[in-house]
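The structure appears below as structure tokens.
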Amino acid sequence: MSYVANAHKSRSVIDADTTQVTVFTGFLGAGKTTIIIDLLKRVNPKYTIVLLKNEFGDAETDSALARESHIQVTEMTNGCLCCVLVGQMKRALEEMKAKYRPDRIIIETSGSAFPAPIAWQIREMESSGFHLDSILTVVDCINFCGYEDTSYTARMQAQYTDLILLNKWDHVTERQLDIVVDHINELNTDTPKIKVGLDGSVDPEMIFGLDTTLFALSDRPFAAAGGAGENRSHHAQEVDLVEIRRSQDAGSTKEGISSAEFTAFLMSLPAEDVYRVKGIVRLVGSVSGSDAPLANVKTDSSAHYIVNHAFGRYTLTCLTAKTQQAPDMLVCVTILGSGLRMHLPRLLEGFMASEVEATVRWAQRPE
């Protein structure tokens, strides 16, 4: 069965000085960063693209991964583009346009972002030389049916988009894929849906030049602060957040966490509760055991690694000297999920941290 449909292409006449903007949404762990990094490698080198990333927490993990791929990144952390950071997004876009004069800016939102306020902000900047080209949603075919029932955000992302990118479809059966698409169609029948390549690839011709008609300024409710009927506290309602920061004590001989113990810890985390673990850890010993290819793997005694764990699957990427962290940093991670309160002791143990080294924010779901 094919889910590919033809997306409409641009009908607008875009001035040469106008910067096109593509927005990527998708729930936590859907695979947005992997797709974007591959996408940027496929465009003509003379076509300048800059990536604006929004991270939940302040580990800046995905941006470190992007920089490892020699991609220019501007970072926004500790918030969501759809609410508290919308004003900052405007300044960031203006600064990026002035500094890099890009042909296109790609905005990668946090997994908890609604598309509406972001789109309206860009629409307001058309007189400043910005054009909203498309809103794309990445769907995790392994986990979508699990979190769709509990996440208003995931449903909104799938409902309001120009193109749905079906990711990780190769890890489910044809029947399971049909069920995922059926669930998506209940939210959004007409939007084209395409399978992402096995290597995370998407043809730029499929996603550039869509000239979205979504979220026109005339459709915006008066004085809308969080979108049409959206609740600005949706992050607190849906997701638990645990941040762990550890540095090496003065005089300590501890170089990091055993790589064997750490990979066993990652594999033991329950996928139904722990949605994402992302950050940077210092590991000791040879690294192995990831279910995906490791990048720049070292076998020396100690090194910083980017850990990117989503719903039971993980990758570890050894940082190069160019992007190395402070030498005394042992752990800098953000953990997102549901019901993390009962898993907190295990999380602290896995990262060899104490309670005072952890910051928590528990979800406040409506009764």
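The values are calculated or read from the model by the stated rules, or taken from the named source; none is laboratory data. Because the structure is a prediction, the values reported are computed rather than measured. Heads up, the Cβs are rebuilt from the backbone with ideal geometry, glycines too, and the neighbour counts pull from every protein chain shown. Just the protein is used for accessible areas: all its heavy atoms, side chains included, with ligands, DNA and RNA removed. Shrake-Rupley method; radii C 1.70, N 1.55, O 1.52, S 1.80 Å.
Across region 147-180, the number of residues qualifying as touching a residue at least 60 places away in the same chain (Cβ under 8 Å) and open to solvent by 60 Å² or more (accessible area, probe 1.4 Å) comes to 3.
Taken over region 239-263, residues that are out of contact with any strand residue (DSSP E or B) (no Cβ under 9 Å at 6 or more places or on another chain) and either within 19 Å of V274 (Cβ to Cβ) or at pLDDT 90 or above (or both) amount to 2.
Of the helices (runs of 4 or more DSSP H) lying entirely inside region 108-191, the ones with 3 or more residues being farther than 26 Å from D273 by Cβ and at pLDDT 90 or above are found at 115-124, 174-187.
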